[in-house]
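To start, the structure itself, in structure tokens.
The values are calculated or read from the model by the stated rules, or taken from the named source; none is laboratory data. Predicted model, so just to flag it, every value in this text is computed and none were measured. Using ideal geometry, Cβ is built from the backbone for each residue, glycine included, and neighbour counts are taken over all protein chains shown.
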Amino acid sequence: MSGPSSGCGFLMSVVVHGDLALNEQEKDLNQRLRRLYPAVNEEETPLPRSWSPKDKFSYIGLSQNNLRVHYKGHGKTPKDAASVRATHPIPAACGVYYFEVKIISKGRDGYVKYMGIGLSAQGVNMNRLPGWDKHSYGYHGDDGHSFCSSGTGQPYGPTFTTGDVIGCCVNLINNTCFYTKNGHSLGIAFTDLPPNLYPTVGLQTPGEVVDANFGQHPFVFDIEDYMREWRTKIQAQIDRFPIGEREGEWQAMIQKMVASYLVHHSYCATAEVFAKSTDQAVHEELASIKNRQKIQKLVLSGRMGEAIETTQQLYPSLLELNPDLLFMLKVRQFIEMVNGTDSEVRCLGGRSPKSQDSYPGSPRLFNSPVHKASSSQTYQTGFDSNYCNGVSSSKGHTLAHSHKSCPRTMPSPELGVLNGSRGQQTNVGAEVEMEVDHFSNGVSESSSNGFLNGSSTHGIDLEECDGDMEVDSAQSKRQLCGGSQAAIERMIQFGRELQSMSEHLRRERGKNSANKKMLKDAFSLLAYSDPWISPVGYQLDSIRREPVCSTLNSAILETHNLPKQPPLALAVGQAAQCLSLMARTGSGSCAFASVDDYLH
Amino acid sequence: MKNAVIGNNKQKANLIVLGAVPRLLYLLQQSSSSLELRTECAVVLGSLAMGTENNIKSLVDCHIIPALLQGLLCSDLIFIEACLRCLRTVFISPVTPVQLLYTDPTVIPHLMSLLSRSRHTKEYITQIFAHCCKTPEHQTVLFNHSAIQNIAPLLISPSDKVRMQALKCFSVLAYENTQVSMTLVNVLVDGEQLSQVFVRMMQRDKPIEMQLTAAKCLTYMCRAGAIRTDDNCIILKTLPCLVRMCSKERLLEERVEGAETLAYLMEPDVELQRIASFTDHLVSMLADYFKYPSSVSAITDIKRLDHDLKHAHELRQAAFKLYASLGSNDEDIRKKITETENMMDRIVSGLSESSIKVRLAAVRCLHSLSRSVQQLRTSFHDHAVWKPLMKLLQNAPDEVLVMASSTLCNLLLEFSPSKEPILDSGVIELLCSLTQSDSPALRVNGIWALMNMAFQADQKVKVEIVRALGTEQLFRLLSDPDTNVLMKTLGLLRNLLSTRPHIDQIMSSHGKQIMQAVTLILEGEHSIEVKEQTLCILANIADGNTAKELIMTNDDMLQKIKYYMGHSNVKLQLAATFCISNLIWNEEDGSQERQDKLKDMGFVDILHKLTQASDPNLCDRAKTAMQQYLA
């Protein structure tokens, strides 16, 4: 068994070495700690999991994976007191931290049963009981007194002895501590606690034995109920946060953020309607937005060749000045060729060059790993009803999605006008069918939702290409380059060109390990008979188009002196950053204010 | 009209004065009116009911309730909902007599049948039930019409309001009702036990009102015996939840309810009292209940002051009640309570507050603490609590008197330093008058206090007691229908008849009556305890110098003693033997004659037999008596 004292390193190794045999207790422990303290980043601040064999006085003996503490001194005078600290201090991001100690034996008869449970800072003398010194806090079993950095105690709670379970809870939001006895809260013992305290236990009587529970077992006290109360408190605080005095100011700012987000991601129809109904100016020409939208559409549907061509037409100098970007696009084009989706291989496959290959959803909001392709339907849940609040809604969490819901409820005539095309209804039906067929990854509902939400962006493509609906069957068979020999040859040739481009780049601009790896990964696809189920097959997933799309979009915007990132994404990123900063500076309330809670 | 009255109490009053109500009711009741019109009428009436209490009174006087109840028979849901909304508003007003809901026996079953029609019917009907279930009879009516089965599913309704009202229904249904409580424990809601549903409703992120009401439900179920006091849902959930309700963060109303419910929950269980006493500093948290209105509120905020003043009495009485409950069994807890800041001063001033509720609660608290020998000896004496207590006894309603006199009993115990000053304050007359009360509890407390007072008392006190009580009253009490009164009266007699000079003195003046009373009791149908006590009195009489003769010359009595020496109950044998032993005791004048007489009557044979008794005490007692003959 691995030493539980290794804390963070141990957790990391679990992730890396999946074959490591974990016993049940450790699994329980990991699960419980993750559930109790989801906001804690254990790579930065590991949680206490056992007593530290290095941070104890010599009269203390440890056993049972460093969870059992026994006293082995003389126990004659207070000079024989001995303490042990846990392996790590309590991270502030716990919000509320809790551990329990069970008294296994109160020690030999004929002695006063000195025994203290509490907290201490690093470096506090271990030849003492917790509570006697500065930055040390304890609750003592012989008299039930609490000791707050002082040799004299205050009456606090009942005494405790063999069989009792004493719990210690640190509230890192208001920096207080209370104890529990056999599951009953005894009330606040200490206030104004300093940060970075370690769970500590001290003994002074021969024969004394105590067991710690840092989450190895269910706690006797219902700590989760206490945490619920504080989560509710913090969230109420956030909900009721005053948002400025001048009326409308807050709303106007939110609207600006939404509008800029829509523009950034080129939801031009939505953006225009939104701007009109909220009475704002759009800071980019409509044509420019449409151009970006067109390019994004191509990238997201896998038609990289066309995307590169269009970019070069519309923004002539962009890719010339950005050879790395061009290289990335070309590598993606190669992958799409293997996929059989790129336009160049499509025409070779005997299919219409202007195939319609739409993308199931809109670009993901933020590149959060949670958002997997197949989970696109999670976006839809919940915000349909929010839409009823109106486009001008000032609720933060609805905004992130409103760009998707807008088209859904917008009257179709208006859309028709915007797109300058014929009635939408027939196309709607056709395209739904197509998408359902095409993407076997999701439930049909999710695909159709995806379509509906994105319909305004499809408008442009619809003008260009009708009646190419039969193409999709190729994908479901999943043959290399769509199964055409000519296409495979073209792909191989393209690969060679890519190789020489890479060499050229290296000569011109020096080594670039990212580029090298990108190319290597892409070429690796050819090493497998079925690349889709190969270890490198993830590259073929349509979700991989998103980062490419977003990088290209940002590059275009930058040349127009527009922000690389929409303010909304920036705000979300800042909020997340702010939370991790709070964790580092010891503000416990960050535990109950996850950004994700507000995005859904 | 509807638009004119919304939110405007003046307009509502105007319309009522102008006679709108009978007209609206007329239209509402006409089946020829269109449903839209009838519904609008119900809505306007509902709006009028939202006004002042006077509005409600006017509506009720116009017989709005039967009219609306009649309206519920209509098939149209919208109309029914409008009627129910109005009924709800009328019924939740304190000025509406709840009995009106029960006058027509078809109403409750009809409401039950409407319950599940819509979210609104659920909310309004449960709210009506929750407010109109005030007596055991109401509980039974609702219970008999399957209230539990009908309302239980609403506890998991998606609507917060419905859940809350359903929960309130259960709290009023279960209150002091064993039948309901026993049924509740077996109810399943969506496969889950009701008690677990209540536990979930006590979670700390739930609204406070919900937590508190769920805790009440479980408390009532527990007190009714449906849930054990050591069940985790009581010990680990309900009790801590109620303690939280007492915290400073809660509203004053919630703190009052929380404390009262907690006091009720743990009243009979010392383990719950112990746990509560160390949970979240409850004992010192309660001290805060006495700090209203606070000095800060007076200066800063008139509204707050008003609010605080309104709740100050309620807070104090709730705290006293909870202290009383906490301290009713455990000596350590009592010590902790008396050591709380200014505790005894607060009780003392509580005893003379204007509010009866506070006085009663304060005296309950004092009574609970008076069970402690240590406190009687120390803090009770230091704070002269007997003074306000005596004052309270002069002129108080019966319920206060019962508590106060019961406390006085403890203060008159022999070791209590307050005994002397109380005696000097003319308490004997007061206690004697209590023994004449119609209330058995007051009679018991009166005679009990006298009994305690007579224990090892001076002759002067004893004479005073006999004089003040009067032999007539004393003998009336000996035939009291209440066994407790009888026992305490015998106890008083026994205490009066102790030490030889006192025995002789009292027997010389009242010997005849006392012997008569003793005969009467020994011949009557009484419990072993009563007879034992009586034989003990007889034994005391036998200990007197001159009093002995009253027994020796009474052959009938001697026969009775003989009978009890051969009784099947050891306690009675022991007491009777003790009596004989006193009569034949050597070293006293005329002992030889008495021994001879009793020997002739066959007592020696009985004593001899008793020396073989299996009970060691009886055996010893008989041997000691036999030795008197041998000497």
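What the table below lists for this structure:
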| item | result |
| --- | --- |
| Those residues of region A:185-218 which are within 14 Å of another protein chain (Cβ to nearest Cβ), more than 28 Å from the chain's Cα centre (by Cα) and not in a strand (DSSP E or B), in sequence order | A:THR191 |
| Sole residue being of a type in the set (A, V, I, L, M, F, W, C) and either over 15 Å from A:PRO199 (Cα atoms) or in contact with a strand residue (DSSP E or B) (Cβ under 8 Å, 6 or more places away or on another chain) (or both), chosen from A:ALA92, A:ALA121 | A:ALA121 |
| Any chance B:SER116 is in a loop (DSSP other than H, G, I, E, B), among the small types (Gly, Ala, Ser) and surrounded by 14 or more Cβ atoms within 10 Å (Cβ to Cβ) | no |
| Those residues of region A:219-233 which are touching a residue at least 40 places away in the same chain (Cβ under 8 Å), assigned to a helix (DSSP H, G or I) and either more than 14 Å from every other protein chain (Cβ to nearest Cβ) or not charged (D, E, K, R) (or both), in sequence order | A:ILE223, A:TYR226, A:MET227, A:TRP230 |
| Some residue of region A:99-116 being surrounded by fewer than 21 Cβ atoms within 10 Å (Cβ to Cβ), acidic (Asp, Glu) and free of Cβ contacts under 8 Å to residues at least 60 places away in the same chain | yes |
| Positions within region A:238-250 being away from chain B (no Cβ under 14 Å), in a helix (DSSP H, G or I) and modelled with pLDDT of 85 or more, in sequence order | A:ILE238 |
| Checklist (1) farther than 19 Å from A:VAL263 by Cβ; (2) surrounded by fewer than 20 Cβ atoms within 10 Å (Cβ to Cβ) applied to A:MET304, failing item | (2) |
| Residue list for region B:244-272, restricted to those being buried (at least 20 other Cβ atoms within 10 Å of the Cβ), assigned to a helix (DSSP H, G or I) and within 14 Å of chain A (Cβ to nearest Cβ) | B:ARG244, B:MET245, B:LEU262, B:MET266, B:LEU272 |
| Helices (runs of 4 or more DSSP H) within region B:1-76 that include 3 or more residues free of Cβ contacts under 8 Å to residues at least 12 places away in the same chain and out of contact with any Ser or Thr (no Cβ under 9 Å at 6 or more places or on another chain) | B:9-17 |
| Region B:213-239, subset surrounded by fewer than 24 Cβ atoms within 10 Å (Cβ to Cβ) and within 16 Å of B:TYR175 (Cβ to Cβ), residue nearest to the chain's Cα centre (by Cα) | B:ARG223 |
| Residue in region A:117-126 that is nearest to the chain's Cα centre (by Cα), counting only those that are crowded, with 16+ Cβ neighbours inside 10 Å and in a loop (DSSP other than H, G, I, E, B) | A:ALA121 |
| Verdict on B:LEU550 being modelled with pLDDT under 85 and surrounded by fewer than 22 Cβ atoms within 10 Å (Cβ to Cβ) | yes |
| Counted residues, region B:212-242 - those being facing another protein chain (nearest Cβ under 10 Å) and free of Cβ contacts under 8 Å to residues at least 40 places away in the same chain | 4 |
| Residue among A:ASP225, A:ASP211, A:ASP239, A:ASP192 that alone is surrounded by fewer than 23 Cβ atoms within 10 Å (Cβ to Cβ) and within 26 Å of A:VAL69 (Cα to Cα) | A:ASP211 |
| Residue in region B:504-517 that is of a type in the set (Asp, Glu), over 16 Å from B:GLY446 (Cβ atoms) and not in a helix (DSSP H, G or I) present | no |
| Qualifying residue in region B:290-301 (condition: surrounded by 23 or more Cβ atoms within 10 Å (Cβ to Cβ) and at pLDDT 90 or above) | no |
| Selection from region B:421-454 of residues that are surrounded by fewer than 19 Cβ atoms within 10 Å (Cβ to Cβ) and part of a loop (DSSP other than H, G, I, E, B) | B:SER425, B:GLY426, B:GLN436, B:SER437, B:ASP438, B:SER439 |
| Residue ID - farthest from the chain's Cα centre (by Cα), chosen from residues in region B:273-296 that are within 14 Å of another protein chain (Cβ to nearest Cβ) and among the β-branched types (Val, Ile, Thr) | B:THR279 |
| Among the candidates B:VAL197, B:VAL180, residue that is assigned to a helix (DSSP H, G or I) and either in contact with a Gly (Cβ under 8 Å, 6 or more places away or on another chain) or surrounded by fewer than 24 Cβ atoms within 10 Å (Cβ to Cβ) (or both) | B:VAL197 |
| Among (1) assigned to a strand (DSSP E or B); (2) under 26 Å from A:GLU224 (Cα atoms), the one test that A:SER105 misses | (2) |
| Residue list for region A:149-184, restricted to those being part of a strand (DSSP E or B), hydrophobic (A, V, I, L, M, F, W, C) and more than 10 Å from every other protein chain (Cβ to nearest Cβ) | A:VAL165, A:ILE166, A:CYS168, A:CYS169, A:VAL170, A:CYS177 |
| Neighbours by Cβ (under 8 Å, 6+ apart or cross-chain): first from region B:147-173, in contact (Cβ under 8 Å) with a residue 24 or more places away in the chain; second of a type in the set (Asp, Glu) | B:PRO153/B:ASP190; B:ILE156/B:ASP190; B:SER159/B:GLU123; B:LYS161/B:GLU123; B:VAL162/B:GLU123; B:MET164/B:GLU209; B:GLN165/B:GLU123 |
| Entirely in region A:499-600, the helices (runs of 4 or more DSSP H) that have 2 or more residues that are closer than 30 Å to A:ASN175 by Cα | A:567-585, A:595-599 |
| Count of residues meeting criterion [among the aliphatic types (A, V, I, L, M) and not in a helix (DSSP H, G or I)] in region B:595-609 | 1 |
